[in-house]
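Report on the structure given below.
The values are calculated or read from the model by the stated rules, or taken from the named source; none is laboratory data. Note that the coordinates shown come from a computational prediction; the quantities given were computed from them, not determined experimentally. So basically every Cβ, Gly included, is an ideal-geometry build from the backbone, and we count neighbours across all protein chains shown.
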Amino acid sequence: MKRRHFIKKASVTGLGLVTASSTFLSVDENQEIKNEIAVTSKYIKPLVIATWKTDLAVETAAAVLEKGGNALDAVEQGCRIEEANEKGQSVGKGGLPDRDGEVTLDACIMNEKGDYGAVLGVKNIKHVISVARKVMEDTPHVMLVGEGAENFAVSKGFERENLLTEAAKKAWKKWKEKSEYKPIINIENHDTIGMLAIDKKGNISGACTTSGLAYKMPGRVGDSPIIGGGLFVDNEVGGASATGLGEEVLKTVGSFLIVELMRQGKSPQEACEEAIGRIVNKPGKDFKNFQVGYIAVNKKGETGAFSIHQHFSYNLYKNKENKNIPSDFYNKV
Ligand code: SD4
């Protein structure tokens, strides 16, 4: 395959260039491609990137941006789609409950000024991403937890509702027969949405919302609502978001790490790969049974994604096209 032809194919199919290029090309050719990509990385704003197959959420966020809306509104509106989707078992209504059968939600949001708001372990309120935004905008705090967060939401006009759907209850009852707690790669972890957007003015915001790990211990909180863990945005540099086993993301402060690596000059792809490396290269770390996936975008609109195992994917809206793209991954054996 001619090199130019190959570049075209990689971008058309959306294959991770790093996988593709390192499979077929020599080191020098890789460098040439990187240079070429850097030169041709001009894109038409806006841009949206989100974890997993989240076509409608990304389309919704993109529609906000195309109408001239700001990145913060876009990520909030996009995440609300997944929170309302009862089929998604890791976010909002329909999310799988904790060991005791209680659905508890975590969410956070960051704007282009570096402001942050989060809610942790919230029951009975579906649109926790919007509650997180209210924490950011209407309180002097950054995090509210449990009952305090729920009461705050109600005081702001959010309605209480039962988040445990029949399908989720059935799955929980089945799980209770054995009550085995094991994080399962890509099964219980396939819906948490982390979303990053760049609006027409070039400002970046991000949001992340989840019901956390299925059948978690009551009170357990993962990375998703924690600044620098499940999400980090710096409008000068870019943003990153995480999905998967939150404990591993938190121990490496994954999203903050990615943004800082980009600040030091790494591309979003290189930064995501290094952040996964920090997890899998720990001495004695057995990463076979858990998944972590990252997405990132920089100020230039270049994006990256990387996971430990296969089958992580992300949606990217760029140059007016919304595509679901398989992520490159570490564990090739
Ligand atoms: C957590 N990172 O609570 C979340 C789980 C997740 O899709 O990503 N689920 O650890």
Practice prompt. Can you run down the residue pairs with Cβ atoms below 8 Å, 6 or more apart or on separate chains, where the first is in the range 321-333 and within 19 Å of Asn289 (Cβ to Cβ) and the partner is among the polar types (S, T, N, Q)?
Written response: Ser327/Ser307; Ser327/Ser313; Phe329/Ser307; Phe329/Gln310; Tyr330/Ser307; Asn331/Gln310
Practice prompt. Go through the range 273-300 and count every residue that is away from the ligand (no atom under 15 Å from the Cβ) and in a helix (DSSP H, G or I).
Written response: 5
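What residue, of Glu161, Glu137, is surrounded by fewer than 20 Cβ atoms within 10 Å (Cβ to Cβ) and free of Cβ contacts under 8 Å to residues at least 24 places away in the same chain?
Working: Glu161 fails: free of Cβ contacts under 8 Å to residues at least 24 places away in the same chain.
None of the others qualify; the one that does is Glu137.
Considering each residue of the range 226-257, count those that are aliphatic (A, V, I, L, M) and within 13 Å of the chain's Cα centre (by Cα), and give that number.
As a first pass, look at the range 226-257 and keep what is aliphatic (A, V, I, L, M): 226-227, 231, 233, 237, 240, 242, 245, 249-250, 253, 257.
In the following step, the residues that additionally are within 13 Å of the chain's Cα centre (by Cα) were identified as 226-227, 231, 233, 240, 242, 245, 249.
Selection size over the range 226-257: 8.
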Worksheet item: Can you tell me which residue in the range 198-219 is nearest to Lys266 (Cα to Cα), limited to those that are within 16 Å of the ligand (Cβ to nearest atom) and small (Gly, Ala, Ser)?
Response: Gly206
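State whether the residues of the range 278-287 include one that is in the same structural domain as Lys53 (by TED's automatic domain parsing), crowded, with 24+ Cβ neighbours inside 10 Å and either closer than 20 Å to Asp223 by Cβ or not basic (Lys, Arg) (or both). Explain how you work it out, then say what you get.
If we filter the range 278-287 for residues that are in the same structural domain as Lys53 (by TED's automatic domain parsing), which is where we start, we get 278-287.
After this cut, where a residue has to be crowded, with 24+ Cβ neighbours inside 10 Å as well, the list is none.
Checking the range 278-287: not a single residue is in the same structural domain as Lys53 (by TED's automatic domain parsing), crowded, with 24+ Cβ neighbours inside 10 Å and either closer than 20 Å to Asp223 by Cβ or not basic (Lys, Arg) (or both).
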Worksheet item: Does the range 245-295 hold any residues that are under 22 Å from Lys53 (Cβ atoms), at pLDDT 95 or above and polar (S, T, N, Q), and which are they?
Response: Ser255, Gln269
Response to the item:
Expected single match for modelled with pLDDT of 95 or more, closer than 28 Å to Glu260 by Cβ and either surrounded by fewer than 22 Cβ atoms within 10 Å (Cβ to Cβ) or near the ligand (Cβ under 8 Å from one of its atoms) (or both) among Gly222, Gly238 is Gly222
Fill in: Counted residues, the range 81-110 - those being crowded, with 23+ Cβ neighbours inside 10 Å and under 26 Å from Gly238 (Cβ atoms)
9
Worksheet item: So which strands (runs of 3 or more DSSP E) are wholly in the range 64-148 and hold at least 2 residues that are of a type outside the set (A, V, I, L, M, F, W, C) and away from the ligand (no atom under 16 Å from the Cβ)?
Response: 116-122
Discussion item. If I filter the range 169-190 for residues that are within 16 Å of the ligand (Cβ to nearest atom), at pLDDT 95 or above and either part of a loop (DSSP other than H, G, I, E, B) or closer than 18 Å to Ser307 by Cβ (or both), do I get at least one hit?
Written reply: no
Worksheet item: Just a yes or no: is a residue in the range 308-320 buried (at least 21 other Cβ atoms within 10 Å of the Cβ) and out of contact with any strand residue (DSSP E or B) (no Cβ under 8 Å at 6 or more places or on another chain)?
Response: no
Practice prompt. Identify, from the list Glu260, Glu270, Glu248, the residue that is under 30 Å from Lys173 (Cβ atoms) and either in a helix (DSSP H, G or I) or in contact with a helix residue (DSSP H, G or I) (Cβ under 7 Å, 6 or more places away or on another chain) (or both).
Written response: Glu248
